Structures are given as C-alpha cells and as structure tokens.
Amino acid sequence: TDGGLACPEGGEAEILRFELDEEIAPAEIDDENHTITISVPGGSNITELEPTVFISRGATSNPASETTVDFSQPVVYAVSSEDGNTQQDWTVTVTEALNTATDFISFTFTEAEGPVFINLDNHAIAIKVNEDTDISILTPSFALSSGATSNLGSGVTRDFSQSQDIPVGYTITAEDGITKQNW
C-alpha cells in the first residue's frame, strides 16, 4: 500500500489532513476517537471519490491516498507507522450536504399566455393571462429546487386577484429545513 502524501509533523500513524476535490468544507478530524467526517454537495457520487490523505512521515495507509473509494458506508483507513510497530485505524465518513436552494425552477398556469418570467434575484414571478381569465381561481403548477418544499403545493388553487397591490406569497423551505425564501 502506498502511504500517499507524507507530512513532517504528526504522530507515527496519524492522518493529518484528509481532502476531497468535492468537499464543501475542510474535513473534521477527531484525533482522540480516530474519526474523520467530511461533507460533499448533495447529489455527489460518493461511490467513486479519490481523497488525498496526508499522513505521518514515512507511514503508509490502506486504502492509499488518491485511490478511488466507495464512501456509501464509513471506510476504515489503516495507517501504519514507518517502523511498522504502530497501526491505527481511522474511520472516515463522507456525508452529502442538504441543498440550501429555495428557487422556483418552473411555474405556470394552464391559462398562461406567453412566457413565464421567474426572477431569481428579486424572488418574483410574472405571468400574463388573457383579460377574461378569472384570476381569483388559478391553479399553478410548479417545480422547486431539489428537496425544497412550499407552504402551498403545486396544484393548489389560489386567489391571485390581489396580485397588483398585494403579491400572492409563497414561502419556499430548502431541503436543509432551515433556509427559507419568500416569493
């Protein structure tokens, strides 16, 4: 087994840094419990990641640094010291971060005439309908960012008759359950 990239500092069988090209933040290394957690964006293919593993000088690791690894379950990295007298197992867990997007991907009515304008910057939607359309009983159909939810679902009839003076609002909650946006 190839030890990967050796670093001058650290213990005999330590993982000093653990990096992924896909990471959204540096790995959290728990030296006491010999665990590493790292997050990648939601939807990443965690079954084929190639981490760069920085270990103690002269040590080796199995799996080796820059080896393709399936992280769909926690993976144990066995690090052996240069003299072979010390071996330490490190459990690495890769998690997919939940999406924080709160956008409408599409929004329409069957009564819409012409294009629908979704303004992601101002969080507003503009739709033209025929002047004979009763806008107090429109049923929009829409799609949201991956994993997001709305206070009112697609296919729920709404009264849009006050939209000139008081916009009809939707609150979109991201997949993370925390991030919200009013539209």
Solvent-accessible area per residue, Å², over region 81-139 with all protein chains present [probe radius 1.4 Å]: 64
Can you send over the solvent-accessible area of Arg17, 1.4 Å probe, protein chains only, in Å² to the nearest 10? 110
Express as a percent, rounded to the nearest 5, the fraction of DSSP beta bridges in the chain (both residues included) that run antiparallel. 80
Return the inverse of the average 1/r over all pairs of distinct C-alpha atoms in the chain, which is the Kirkwood hydrodynamic radius, in Å to one decimal. 19.9
Between Ala126, Ala59, Ala143, find the one with the highest GNM mean-square fluctuation for the chain; connect C-alpha pairs within less than 10 Å. Ala126
Ignoring ligands, DNA and RNA, please state the percent of accessible area on the chain from carbon and sulfur, probe 1.4 Å. 45
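The values are calculated or read from the model by the stated rules, or taken from the named source; none is laboratory data. This structure is a prediction, so every number in the text was calculated from the model and none was measured. SASA here: full protein model, heavy atoms, side chains in, ligands and nucleic acids out. Shrake-Rupley method; radii C 1.70, N 1.55, O 1.52, S 1.80 Å.
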